[in-house]
1. Add +1 for every Lys or Arg and -1 for every Asp or Glu among the other residues with Cβ under 14 Å from the Cβ of residue 90, and state the total.
2. Straight distance only, please: which lysines reach the Cα of residue 181 with their own Cα at less than 29 Å, same-chain residues fewer than 8 apart left out?
3. Quick check: pseudo-label points 7 Å beyond the Cα along Cα→Cβ at residue 205 and residue 234, how many nm apart are they?
4. Largest first, how would 109, 22 line up by accessible area (1.4 Å probe)?
5. Would you kindly find the accessible area of residue 65, with a 1.4 Å probe and non-protein molecules such as ligands, DNA and RNA excluded, rounding to the nearest 10 Å²?
6. Roughly how many percent of the accessible protein surface of the stretch 79-208 is carbon and sulfur, given a 1.4 Å probe and a whole-percent answer?
7. What whole-number value in Å² describes the accessible area per residue of the stretch 113-191 for a 1.4 Å probe?
8. Sorted by packing (mean other beta-carbon atoms within 10 Å per residue), highest first, where do 196-203, 131-138, 55-62 land?
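The values are calculated or read from the model by the stated rules, or taken from the named source; none is laboratory data. Note that the structure is a prediction, hence the values are computed from the model and not measured. Every residue, glycine among them, receives a Cβ derived from its backbone with ideal geometry; neighbour counts consider all protein chains shown. Side chains included, ligands, DNA and RNA excluded: accessible areas come from the protein's heavy atoms. Shrake-Rupley method; radii C 1.70, N 1.55, O 1.52, S 1.80 Å.
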Amino acid sequence: PTLASVAEPYGNPLARLSGGNMIYSSVWSPDSKWIASSVYGVSYGYTLQIWNATTGVHIRTLQIEPGTTSSNFIGQEAWSPDGKYLAISSQANGVIVWSTATWQRVSTMTGVSDLSWSPQGDLLASTTSTGLIKVWQAATGHVQFSFQGQDNGRALAWSPDGQYIAVSNQDVRIWSVAEQKLVAIYTGFGNHSSFSITSLAWSPDSKELAGVDGGVDNTGPNAGAPIDSLRVWRAI
């Protein structure tokens, strides 16, 4: 977690945006005009703050519910690729979607955590605690289909060409969106019970997939050492 700021060359901040509170993550809007930051702290509450990326002027606060507490903290936020929607995920409240035209809440999917937008920006993929992946309409919350991914899935990524959804835990599993079935399993990190692949990213052409793991080696001569590494796979 860091403090959010708008920076000028050589690292001198133009504006301090988070009021001294911790920022869990920040994302740029697709048109690069705004920054959305998940704030964790008493000054702003446990909210999503939106800022003008050039001036640092505060634009809007999005709140899960009045009187939020630390149990309502926002773990992930993401703009739809077309900029029409802004979605957040919260362990306690699921995934919530706002329209960026009206700033009204348009849908909520409870019982899910991670989120990944389809390239077209109309659908979201989200995971449940049992590894079920739900693909649903952002504007309505209607579930179009679902499939079983991985128990305790840690990362989720929709390929830029729209054909595949990747989900990870101790390996990476690739699902065909059209066929709604498992088409590949990628390994390569070894078999350490204490680690999981916590981040996934597709290359822009959807030909490669990168994963980052974290954890501690519990076996062998390097027991106790961190297992932090990057793997890149040639995708389907």
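1. With Lys, Arg at +1 and Asp, Glu at -1, the neighbours total -2.
2. Reachable lysines: 134, 207.
3. 1.3 nm
4. 22, 109
5. Answer for residue 65: close to 80 Å² accessible.
6. 44 percent
7. Computed with neighbouring chains in place, this is 42 Å² per residue.
8. Going by the mean number of other Cβ atoms within 10 Å, highest first, we get 131-138, 196-203, 55-62.
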